[in-house]
Amino acid sequence: MELARLTERVLWVRGPANVGVILLDNSKVALIDSGCDQQFAKKLFELLSDYRFKVSHILNTHAHADHIGGNSFFQEKCGCKIMASTLEAPTIRQPLIQCAVLFSGAPIGDLMNRFIMANPSQVEVVTANEIKLDELRIEILDLPGHSVNQKGFLVDGVAFLADTLFPDNFFSKQRLPFNYDPNSHTQTLERLRKIEANCFIGGHFQPQNSIGSLIASNLSHLNESLDFMRGLLKTPMPQDRVVKAFLDHYGLKKTNWEYYLYRTMVNGYLSSLHKHGEIKYRVLDNLPVWYAA
Ligand SMILES: [Zn+2]
């Protein structure tokens with residue numbers, strides 16, 4: 001694990017989900033997300049301690065376990081203040097919500113695993129579009145789509161873009177980035193073009209000076225998925241078959257709890273097209289059937 005410098009005030013640590021480190025006054029630091037789990041957080045804590053840095057704040061981009069996995073560790077160790085957006089904060093406080101959302105009911109035990117459910121932590125809701133920590137201005141970027149109320153942070157010319165953009169190898173067979181609401185995600189991707197920064201970094205992509213081509217490729221993958229769904233529903237199809245067709249299309253073979261993760265994503269594609277009046281559903285003989293409008 002290494003602490004790499006991006007600017008005078010901004011550093012980052014590579015991980016399964018990258019972590020930003022913002023230098024504040026008197027050796028205090030604010031983290032952007034806290035790492036994928038307690039083990040990662042412990043190593044990060046030791047690394048920061050080598051530099052005599054003390055975590056005073058964690059700014060969470062969204063409530064997925066791989067981004068908030070270190071929250072409880074740092075909160076217990078450093079008593080740091082954790083901040084998140086209105087609709088992400090409840091899940092950070094009560095990670096069971098994430099499992100219940102995926103299962104659409106009291107979740108099965110399999111779903112309550114460390115990839116989905118982090119330890120709970122106390123979190124303060126931030127509604128403003130900027131915060132100041134020790135006079136350092138941090139702009140908060142609205143990035144919904146991948147998660148319901150995802151936020152990014154722009155500080156000292158570095159834009160932390162959370163899980164908005166994924167590198168090309170993420171879109172391979174057997175792998176597809178999660179998307180809660182493709183409709184808002186499309187708008188977020190368009191908005192990313194207007195962000196002025198010297199450096200961009202994501203939860204799952206390394207720092208780079210420009211993101212134009214990454215935005216284009218992510219938009220193209222998203223549109224391909226929406227087009228696939230449009231084509232599929234020219235023939236009416238029960239909802240469970242839509243999920244299967246989507247998974248088959250991407251060569252995804254889900255044999256356990258991950259199925260419910262992807263089912264939630266497919267439902268997001270349905271609701272995005274439904275919102276635009278492109279598709280409809282009817283419950284026939286107790287089966288929801290979807291079709292082109
Ligand atoms: Zn995520």
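The values are calculated or read from the model by the stated rules, or taken from the named source; none is laboratory data. Worth saying up front: this structure is predicted, and the values here are computed from it rather than measured. When we count neighbours, we look across all protein chains shown, and the Cβ atoms used for this are built from the backbone with ideal geometry, even at glycine. The area values use the complete protein model at the heavy-atom level, side chains included, leaving out ligands, DNA and RNA. Shrake-Rupley method; radii C 1.70, N 1.55, O 1.52, S 1.80 Å.
Look at (1) within 16 Å of the ligand (Cβ to nearest atom); (2) touching a Ser or Thr at 6+ places or on another chain (Cβ under 7 Å); (3) open to solvent by 20 Å² or more (accessible area, probe 1.4 Å) and you find that Gly152 fails only one, number (3). Only a single criterion out of (1) open to solvent by less than 30 Å² (accessible area, probe 1.4 Å); (2) within 16 Å of the ligand (Cβ to nearest atom); (3) within 20 Å of Ser213 (Cβ to Cβ) is not satisfied by Val158, namely (2).
Residues that are surrounded by fewer than 19 Cβ atoms within 10 Å (Cβ to Cβ), within 21 Å of the chain's Cα centre (by Cα) and either over 24 Å from Gly109 (Cβ atoms) or in contact (Cβ under 8 Å) with a residue 24 or more places away in the chain (or both) do occur in region 251-260. When Leu189, Leu143 are screened for being of a type outside the set (Phe, Trp, Tyr), closer than 19 Å to Gly212 by Cα and within 12 Å of the ligand (Cβ to nearest atom), only Leu143 passes.
Residues that are in a strand (DSSP E or B), in the same structural domain as Asn179 (by TED's automatic domain parsing), within 16 Å of the ligand (Cβ to nearest atom) and within 20 Å of the chain's Cα centre (by Cα): does region 61-81 have at least one? No; the residues of region 61-81 include none that is in a strand (DSSP E or B), in the same structural domain as Asn179 (by TED's automatic domain parsing), within 16 Å of the ligand (Cβ to nearest atom) and within 20 Å of the chain's Cα centre (by Cα). If you go through region 47-60 and pick out every residue that is away from the ligand (no atom under 16 Å from the Cβ) and either assigned to a loop (DSSP other than H, G, I, E, B) or at positive phi (or both), you end up with 3. Against the criterion of being under 20 Å from Asn179 (Cα atoms), assigned by TED's automatic domain parsing to the domain that holds Ala30 and among the hydroxyl-bearing types (Ser, Thr, Tyr), Thr86 qualifies. Among the residues of region 9-32, are any surrounded by fewer than 23 Cβ atoms within 10 Å (Cβ to Cβ), assigned to a loop (DSSP other than H, G, I, E, B), among the basic types (Lys, Arg) and free of Cβ contacts under 8 Å to residues at least 40 places away in the same chain? No, the conditions are met nowhere in region 9-32.
The residues in region 161-171 that are within 16 Å of the ligand (Cβ to nearest atom) and open to solvent by 30 Å² or more (accessible area, probe 1.4 Å) can be counted, and the count is 3. For region 122-139, does any single residue satisfy the condition of being within 15 Å of the ligand (Cβ to nearest atom) and either assigned by TED's automatic domain parsing to the domain that holds Val10 or out of contact with any strand residue (DSSP E or B) (no Cβ under 9 Å at 6 or more places or on another chain) (or both)? Checking region 122-139: not a single residue is within 15 Å of the ligand (Cβ to nearest atom) and either assigned by TED's automatic domain parsing to the domain that holds Val10 or out of contact with any strand residue (DSSP E or B) (no Cβ under 9 Å at 6 or more places or on another chain) (or both).
Yes/no per residue for (1) free of Cβ contacts under 8 Å to residues at least 40 places away in the same chain; (2) in a helix (DSSP H, G or I); (3) over 14 Å from Lys151 (Cβ atoms); (4) in contact with a helix residue (DSSP H, G or I) (Cβ under 6 Å, 6 or more places away or on another chain):
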| residue | (1), (2), (3), (4) |
| --- | --- |
| Ala106 | yes, no, yes, no |
| Asp110 | no, yes, yes, no |
| Gln122 | no, no, yes, no |
| Lys132 | yes, no, yes, no |
